[in-house]
Amino acid sequence: MSEPIQTPEDLVDAFKKSGEFDRMRRELLAEFRKSDGISNFRTRVEDIAQTHLRRQKERRRPTDGDTDALQRNLMAEMDRFPVVDRAITEMRVFRDDSTVKMNVNNSLMRVLLKSRGERIPPGE
């Protein structure tokens, strides 16, 4: 068994190593994919990409040969718009952040108790 968690940094490291972070990330992604917001997100991303590509073509800047530059430019274009932020705020699960906080707190408590060799209460 590893050393008991002593610092917030230790807790973050143990949280990530435990798989809890990845589990929660997968759950949130699945929730997003089921939500109505995914179609709005996709539509907005496609609009931004098509507008960018159309401007590139009008300026006669070929993008065929340099896919890395194209990807960087598209990502920079995406950063100009709050597409991801808007998609997150539209998700039901984030509108009531008490659910997210409770899930994070429960996960952190499991990791902390496990590091101390303590029993994890049922249903946790």
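The values are calculated or read from the model by the stated rules, or taken from the named source; none is laboratory data. Everything quoted here is computed from the prediction, not taken from an experiment. Protein only, heavy atoms only, side chains kept; ligands, DNA and RNA dropped before computing areas. Shrake-Rupley method; radii C 1.70, N 1.55, O 1.52, S 1.80 Å.
Accessible surface calculations at 1.4 Å, restricted to protein heavy atoms, place the chain at 78 Å² per residue. Here the stretch 18-124 exposes an accessible surface that is 51 percent carbon and sulfur, computed with a 1.4 Å probe and the other protein chains kept in place.
Working from Cα pairs under 8 Å separated by at least six residues, relative contact order for the chain is 40 percent.
Helices in the chain, meaning DSSP H runs of at least 4 residues, each add -39500 (n - 2.57). Divided by all residues, the mean residue ellipticity at 222 nm is -24000 deg cm²/dmol. Counting only lysines at least 8 places from K101 when in the same chain, those with an alpha carbon closer than 30 Å to its own are K16, K17, K34, K114.
Across the stretch 37-48, coupling constants 3J(HN,Hα) worked out from phi with the 6.51/-1.76/1.60 Karplus curve, θ = phi - 60°, read x, 5, 5, 4, 4, 4, 4, 5, 4, 4, 4, 5 Hz, and Gly and Pro carry x.
3J(HN,Hα) couplings calculated from phi for the stretch 72-89 with the Karplus curve 6.51 cos²θ - 1.76 cosθ + 1.60 (θ = phi - 60°) are, in sequence order, 4, 5, 5, 5, 4, 4, 5, 5, 5, 10, x, 4, 5, 4, 5, 4, 5, 5 Hz; Gly and Pro show x.
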